Amino acid sequence: MEPFALDERLARDSSLVIKLGLCELRLIEDRRWPWLVLVPQRPGISEVFELTPLDQAVLTFEQNLVASGLKTLTHATKINVAAIGNVVRQLHVHVIARFEGDPNWPGPVWGHGAAEAYTDDERRAFYTTPTPPYDLGDLWVQGAGGDLMRCTTAKTAGGSYASGDWTKAVK
């Protein structure tokens with residue numbers, strides 16, 4: 001069996017946030033939209049139905065986990081989820097936070113203008129230790145390439161971060 005290899009266009013246009021159970025979670029390098037991509041780490045797959053039934057279930061779970069976390073993080077008007085693949089054949093699922101009044105609302109994000117790179121400070125929102133307030137169910141990626149964590153103890157503004165407030169969301 002051939003090893004998993006990330007499509008060169010996905011590698012060029014995104015950065016790794018975390019490796020989940022099935023997918024690489026990647027941040028698209030375009031700050032105009034909080035835009036994540038899930039890439040199942042399976043070689044030669046271009047369609048969801050080509051995955052095993054178990055992998056299909058895990059993909060759905062990870063997709064919902066990421067979409068929910070992105071909604072919590074951004075308070076977006078709408079979370080768009082799509083697996084299109086007309087240009088990049090490797091199976092990947094876009095999870096995009098959209099806002100009324102964003103650069104191409106309500107049109108699609110694809111092909112609209114030039115990508116705008118994140119600053120290091122903006123990108124850090126996807127990687128750094130959370131600071132209160134945070135609520136039950138909030139998600140956080142524990143360091144670049146770290147674990148996806150879910151809040152189990154809410155904290156109000158002015159409180160202090162505690163590692164015990166968080167557990168692994170994916171085991």
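Things to note:
- Angle between the chain longest axis and helix 53-74 axis [Cα atoms, degrees, rounded to 10]: 50 degrees
- Over all other residues within a Cβ to Cβ distance under 12 Å of Gln56, the charged ones net out to -3, with Lys and Arg as +1 and Asp and Glu as -1.
- Between Glu50 and Thr131, the FRET efficiency from the beta-carbon distance, with R0 = 35 Å, is close to 0.25.
- Unsatisfied cross-links (Cα-Cα over 24 Å) in the set Lys78/Lys168; Lys19/Lys71; Lys78/Lys155: Lys78/Lys168; Lys78/Lys155
- Separation between Cα centres of segment 81-109 and segment 1-52, rounded to whole Å: 14 Å
- For Asp138, residues with placed amide H under 5 Å, excluding near neighbours: Cys151
- Sorted largest first, the spans of the alpha carbon positions of segment 21-94 along the three principal axes are 33, 25, 17 Å.
- Candidate values [x] 134; [y] 125; [z] 216, label of the one derived for volume of the Cα convex hull per residue in Å³: [y]
- Taken about its Cα centre, the chain carries a charge dipole of about 240 debye when Lys and Arg each add +1 at the Cβ and Asp and Glu each add -1 at the Cβ.
- Neighbourhood net charge (15 Å Cβ-Cβ; Lys/Arg +1, Asp/Glu -1) for Gly101: +1
Values quoted throughout were computed directly from the atomic coordinates according to the rules given, and no laboratory measurement underlies them. Predicted, not measured: the structure shown is a model, and the values here were computed from it. Virtual Cβ from ideal backbone geometry, glycine too; neighbours counted across all protein chains shown.
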